[in-house]
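The values are calculated or read from the model by the stated rules, or taken from the named source; none is laboratory data. Worth saying up front: this structure is predicted, and the values here are computed from it rather than measured. In this analysis, Cβ positions are derived from the backbone assuming ideal geometry, glycine residues included, and neighbour counts consider all displayed protein chains. Keep in mind that these areas ignore ligands, DNA and RNA; they rest on the heavy atoms of the full protein, side chains included. Shrake-Rupley method; radii C 1.70, N 1.55, O 1.52, S 1.80 Å.
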Amino acid sequence: GDSVTQMEGPVTLSEEAFLTINCTYTATGYPSLFWYVQYPGEGLQLLLKATKADDKGSNKGFEATYRKETTSFHLEKGSVQVSDSAVYFCALTLLSGGYNKLIFGAGTRLAVHP
Amino acid sequence: GAGVSQSPSNKVTEKGKDVELRCDPISGHTALYWYRQSLGQGLEFLIYFQGNSAPDKSGLPSDRFSAERTGGSVSTLTIQRTQQEDSAVYLCASKTVGRAYEQYFGPGTRLTVT
């Protein structure tokens with residue numbers, strides 16, 4: 001079945017460090033790919049997305065590139081801040097039965113220290 | 001404008017009792033989803049509503065779970081005879097129909113079954 005696998009956390013970094021959170025997917029069709037973020041005490045927010053191969057989604061300094069050949073959508077940021085501490089979810093949607101439902105990875109908790 | 005709202009924000013109930021969780025989607029969004037976020041299972045799809053079409057209930061974990069959407073707007077998720085494994089955060093999301101549109105999530109209802 002369709003699924004998303006992302007690296008386990010927690011990931012602990014110092015401020016200004018480089019961040020990579022790996023995400024790979026398995027899908028029978030041609031999915032759209034997303035990163036969602038959940039800040040402490042808040043709801044899920046869309047961070048970025050990509051809808052076709054080689055697309056790069058970007059937002060708030062975060063980037064991810066849709067790699068069809070490796071079925072990956074790794075999240076990167078060049079210099080993290082304490083305010084980036086949150087749980088990050090990789091997800092995909094497929095058009096199935098006329099609608100999209102999100103299939104999420106398990107989430108990766110990021111903690112950034114000053 | 002107003003986002004997706006959910007009520008209550010927290011609910012503590014005794015095992016065996018019934019609970020109702022409410023979701024008010026963004027005005028004009030015809031698609032509505034329920035998801036569950038739990039420690040053991042991560043984020044999982046429960047049910048999908050689109051307009052007046054029959055809902056996709058394929059993610060509901062048991063027949064103790066049901067959901068309604070009245071007038072194409074407000075939705076209620078009902079859990080009968082709650083069990084401790086039902087303890088989770090229940091998330092609602094809504095979106096405009098169309099593959100390019102993202103799902104907007106509410107803040108969730110944290111359900112604790114004692």
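Annotations
- Index of the failed condition, A:W35 passing every other in (1) within 12 Å of chain B (Cβ to nearest Cβ); (2) open to solvent by 30 Å² or more (accessible area, probe 1.4 Å); (3) in contact (Cβ under 8 Å) with a residue 12 or more places away in the chain: (2)
- Members of region B:1-53 found to be among the aliphatic types (A, V, I, L, M) and closer than 16 Å to B:Y104 by Cβ, listed by number: B:A2, B:V4, B:I26, B:A31, B:L32, B:L43
- Taken over region B:8-26, residues that are over 26 Å from B:K95 (Cβ atoms), not in a loop (DSSP other than H, G, I, E, B) and not polar (S, T, N, Q) amount to 1.
- When restricted to residues that are surrounded by 13 or more Cβ atoms within 10 Å (Cβ to Cβ) and away from chain B (no Cβ under 14 Å), region A:42-67 contains 8.
- Selection within region B:14-49 - in contact with an Asp or Glu (Cβ under 9 Å, 6 or more places away or on another chain), among the β-branched types (V, I, T) and more than 10 Å from chain A (Cβ to nearest Cβ): B:V19
- Single match in B:T112, B:T76, B:T13, B:T82 (criterion: touching a residue at least 60 places away in the same chain (Cβ under 8 Å), open to solvent by 20 Å² or more (accessible area, probe 1.4 Å) and either under 20 Å from A:G41 (Cα atoms) or in contact with a strand residue (DSSP E or B) (Cβ under 8 Å, 6 or more places away or on another chain) (or both)): B:T112
- As a summary of the residue check, B:N52 satisfies the conditions (1) more than 30 Å from A:E8 (Cα to Cα); (2) within 14 Å of the chain's Cα centre (by Cα); (3) away from chain A (no Cβ under 12 Å); (4) not aliphatic (A, V, I, L, M) except for the one numbered (2).
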